[in-house]
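One structure below.
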Amino acid sequence: MANLSQIKREQMISFLEKLKEQHSDDESLIAINQIEKELTSKKYGLVWEEHEEEVDLKIQTHIPVFTEVMEREIVGDLDSEEYNFLLEGDNLHSLKLLEKTHRGKIDVIYIDPPYNTGHSDFVYDDEFIDRQDGFSHSKWISFMNNRLLVAKRLLSVNGAIFISIDDNEQAALKLLCDEIFGLDCFVADISWQRTYSPRNDSKGLSSEVEHILLYSKRENWSPNKLERTNKMNSIYKSPDGDPKAWTSSSITAPSASSHQGMVYAIQHPFTGEYIYPTAGRCWSLEQSQMIENLSKWAKYKLQDLNDSEKRAEICGVTIREIRAGVLGIVLDEPLSMAKMNAEAVLKKGNWPYFYFTNNGKGGIRRKTYLDDIKDKGRMPTNYWPYEEVGHTDGAKKELKVIFDSKIPFDTPKPLALMERILAIASQKDSIVLDFFAGSGTMGHAVLLKNREDNGNRKFILCTNNENGICEKVTYERIRKVICGYEGNKPICSNLKYYKTDFVAKDSEEIYDDLLEHIEEMIQLQYGIKIDNKKYVIIMGDEEMDDFEKSFADYKDLQAVFINQDVLLSTSQENMLRDINTYIIPDCYFDFELREAGELW
């Protein structure tokens, strides 16, 4: 089938080549090349009008930096030297800086971006975007594209990103993520049942679920298993008096045609009938294992039943294709004797591993013991009901308790939802990032998860301070969780609070200006507090000489961070031989935040 669009495109490009020959001036050539670029650009997938934000323009003339707000430091764990971080400012600036400190180090990212519903939920360049804006979708996609490109670079090899969204932009976001993360790294479109009761909707269908798009950094990513529920375990019982609870499982498997040696008859010890696997299936064990188990009911032997036609029918092949010489498992004693023995086993109870259903009159099944599978967990699905992960009303009630009857945030997510994400995607030492932190639910969930499994996860939260949300909501929530609130015991942890700031690129003292913010970068990268006792920064040769003279005074020294321009003497190298020593990377002083992310 001819590609008409391609034919037209090639004709136009051919015409442009003729125009190039006729117009050799720079202005014409630039215009023609631009037209050619548009003609040859992507023709399938997500296409949008690119927009540039003021935050992008700011980066062209200024370098973002972090400044610590010292009075908002929270020390809730005196026994730990490790810190979590709350970053106030536009998240694009924070992400650019995190790329210097955490590229390839973030294990779990969760974001709850604005849904762009047209109801004053999406602010672009300090203006609310409503439905009358003809570029509302393009602006939103540009906004998300800029941030997700950096987010991908932040993910660790085994990392995953979870993105909440509703129906309004789900389709566009899915296409965008397919491009950024790759189709092979798409894991699931999770449906979260956000409400516990149907509500009226202007479109006529009650909207009960939201989407959570899940992408991984690498292909073939697998989630952690979830704990089994009491409901799942309740089906395990002991109807035969077995001391261990069990449930009934099939003893057949698929692919009969490729496992013809495992398709054969078994004679029933109660009825004498011959039992075969159902069409397309085979027995799951070899004949020797089958006889070993069945012999606990009656005596068995192998015998040729000349049943090639029946076995061919089950395997879905012709008689010519069926494997020859496959014997059946038949009784090795009279049926009356076999039935008497089998009934005695049935009556005694605590049946063998393989048993006959329907009080001995049914087919063959096997026992699956709860003790054998209860620690293996359960596989997560792409449907998360509110009974398991909470709902929006519950999330508001959680905030109400924390903030003493006030609900300072309109659209919080429930703690149980964040805990589910951590359960399937994090390890005990994972670094978790939420760069649309909102009310801080993910930070709260990380602290709870650590308390639950004695983990050492660390979180980084990013949010702007519109209407004081970072100071009055995100920070206050984390502070209350660490310090304790309304009947909830404190959760020992530490937090540092940073604000984004800027250094002008045309500053005559740009190196010194950046140097003033190096401590924040080191603390963020290593999750520590520079106290000049356990952790020391050395920026120049004179500082190193002074440090060497007083080295004996540093009794609890943990690590030294050294500017790469410092030249160590032999004695200084020997002095630091048993101390963790880190060279401050070039990227901390990089004047340009390159779009490709190649910072070092």
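Summary of values
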item: Residues located in the stretch 68-89, provided they are among the hydrophobic types (A, V, I, L, M, F, W, C) and crowded, with 20+ Cβ neighbours inside 10 Å; result: PHE85, LEU86, LEU87
item: Among residues of the stretch 327-365, those that are free of Cβ contacts under 8 Å to residues at least 12 places away in the same chain and in a loop (DSSP other than H, G, I, E, B), counted; result: 3
item: Candidates LEU149, LEU95 - the one that is assigned to a helix (DSSP H, G or I), closer than 24 Å to TYR475 by Cβ and at pLDDT 90 or above; result: LEU95
item: Qualifying residue in the stretch 205-213 (condition: within 18 Å of the chain's Cα centre (by Cα) and either surrounded by fewer than 16 Cβ atoms within 10 Å (Cβ to Cβ) or hydrophobic (A, V, I, L, M, F, W, C) (or both)); result: yes
item: Enumeration of residues in the stretch 507-554 that are farther than 19 Å from VAL566 by Cα and basic (Lys, Arg); result: LYS529, LYS533, LYS534
item: Some residue of the stretch 170-190 being more than 27 Å from ILE424 (Cβ to Cβ) and not in a loop (DSSP other than H, G, I, E, B); result: no
item: Close pairs from the stretch 271-292: first touching a residue at least 60 places away in the same chain (Cβ under 8 Å), partner of a type in the set (Gly, Ala, Ser), Cβ under 7 Å, at least 6 apart; result: ILE275/ALA265; ILE275/GLY363
item: Residue in the stretch 442-463 that is among the β-branched types (Val, Ile, Thr), surrounded by fewer than 23 Cβ atoms within 10 Å (Cβ to Cβ) and out of contact with any Cys (no Cβ under 7 Å at 6 or more places or on another chain) present; result: no
item: Test: residue in the stretch 519-540 that is over 27 Å from ARG457 (Cα atoms), open to solvent by 80 Å² or more (accessible area, probe 1.4 Å) and outside any strand (DSSP E or B); result: no
item: Conditions (1) among the polar types (S, T, N, Q); (2) modelled with pLDDT of 90 or more; (3) buried (at least 16 other Cβ atoms within 10 Å of the Cβ): number failed by ASN116; result: (2)
item: Subset of the stretch 500-514 [surrounded by fewer than 18 Cβ atoms within 10 Å (Cβ to Cβ) and in a helix (DSSP H, G or I)]; result: ILE510, TYR511, ASP512, ASP513
item: Filter result (outside any loop (DSSP other than H, G, I, E, B), open to solvent by 40 Å² or more (accessible area, probe 1.4 Å) and either of a type in the set (Gly, Ala, Ser) or at pLDDT 90 or above (or both)) within the stretch 576-600; result: ASN580, THR581, TYR582, ILE583
item: Qualifying residue in the stretch 442-459 (condition: more than 27 Å from GLU81 (Cβ to Cβ) and not small (Gly, Ala, Ser)); result: no
item: Selection within the stretch 410-433 - touching a residue at least 60 places away in the same chain (Cβ under 8 Å), touching a strand residue (DSSP E or B) at 6+ places or on another chain (Cβ under 9 Å) and over 13 Å from ILE212 (Cβ atoms); result: LEU422, ALA423, SER426, GLN427, SER430, ILE431, VAL432, LEU433
item: Condition broken by TYR497, with the remaining ones in (1) surrounded by fewer than 21 Cβ atoms within 10 Å (Cβ to Cβ); (2) modelled with pLDDT of 95 or more; (3) over 25 Å from the mean Cα position of the chain (by Cα) satisfied; result: (1)
item: Subset of the stretch 393-404 (residues that are in contact with a helix residue (DSSP H, G or I) (Cβ under 9 Å, 6 or more places away or on another chain) and outside any helix (DSSP H, G or I)); result: PHE403
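The values are calculated or read from the model by the stated rules, or taken from the named source; none is laboratory data. None of the values given here were measured: they were computed from a predicted structure. Reconstructed Cβ throughout: ideal geometry from the backbone, glycine too, with neighbour counts over all protein chains shown. These accessible areas exclude ligands, DNA and RNA; they are computed on the full protein's heavy atoms, side chains included. Shrake-Rupley method; radii C 1.70, N 1.55, O 1.52, S 1.80 Å.
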